[in-house]
Amino acid sequence: MVCLMAALMLFGTACDTVAPVDESRLVVEGYLTSGGPLSTVQVRRTVSPNGPYDPARAAVDDATVELFIGGSTISFAPDSKEKGTYRPGSTGETMVAAGQSFSFRAAWRGTVAEASGIVPPTVKLGEVDVTVPDEPISAVLLDSLVLSDSIATGLYTGYIYPIEVAISWNDTTVQGWSPESSWIRAQIRPFSAFSSPVIDLFLRSDEIFREAEQMTIDGKRRWTGLYAVGVRNEDDPLPLHRVRISIIRSSSDYARFAASKDAPERREPVTNLSGAVGIFAAIAVDSVDVYVEPDGSSSIASHPREVVR
């Protein structure tokens, strides 16, 4: 799981200040997974970009972190081995249940970060259909970027297998959860980076959308995505590879955060926290690993339970 990058831009201090002023902002990242146990929370602070990024300096180990859920208050304590990581205290067999409301609070040096929401219904992948073409198609691949006195792009003509993946999942609701406010993130990730990032821009391997707008057949929602596997020559067979297919159900809080993480015009993603940047949200997740054979057949390899961020 990838933690939120904490090295965000810090504005300069006023010139008439004698002592340095710490203008750090809290950076929080945490998730509640429907049907799963409580997980860790990352708490960091912004640091100056004028120098190398130091994770130890960015880590916050003296915050008060609390979660209110299911009528209980759960305190999180800093991990002695992982700076900036907070683990839930004595929770017994506490599990996150669909439909529960929650409130999160992190306090640090006069700053209070807060978020609240409702845990979504669990999500379960159903059918996974992989369709592979008989032969690759011509495409322009980005081989490398060479920077010298003159910029060369390293473009060459190659071939790709555009592979279609159709999935379905359960259309479930619980009390307190509005289907109209439910968002889905569907993602396809090959374990080997065969295709160019340029080509990936024209495919549909990671999409965020309102769940209610997706087609329903036999009580199940459906989505079709597309990824590519690149080869050098027109007669090269499809390489054997593994791909992870994931689906995340969430509210608009996570959807806005995920959609804005890589937006080039933004310095930081859209946060749902008051008093801090980052994310604390409830999600439901399911994923499968699929082996795709050179002959186009596929088989499920495993069922990992991992948040794709």
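Structural remarks
- Sequence of Asp129, Asp134, Asp286 from largest to smallest accessible area, 1.4 Å probe: Asp134, Asp129, Asp286
- Straight-line cross-link reach from Lys124 at under 28 Å between alpha-carbon atoms covers these lysines, not counting any fewer than eight positions away in the same chain: Lys220, Lys261.
- Range of Cα positions in segment 67-110 per principal axis (Å), largest first: 32, 26, 14
- Accessible surface of Asp289, taken over heavy atoms with a 1.4 Å probe and every protein chain present, rounds to 0 Å².
- Normalised by 2.2 N^0.38 Å, where N is the number of residues, the alpha-carbon radius of gyration of segment 230-281 equals 1.85.
- Of the listed residues Trp169, Trp183, Trp177, the order by accessible area with a 1.4 Å probe, largest first, is Trp183, Trp177, Trp169.
- Residue-level accessible surface for Leu32, protein heavy atoms, 1.4 Å, Å²: 10 Å²
- Percent of Cα-Cα distances greater than 16 Å, calculated over segment 203-263: 63 percent
The values are calculated or read from the model by the stated rules, or taken from the named source; none is laboratory data. This structure is a prediction, so every number in the text was calculated from the model and none was measured. Quick note on the areas: whole protein, heavy atoms, side chains included, nothing else; ligands and nucleic acids left out. Shrake-Rupley method; radii C 1.70, N 1.55, O 1.52, S 1.80 Å.
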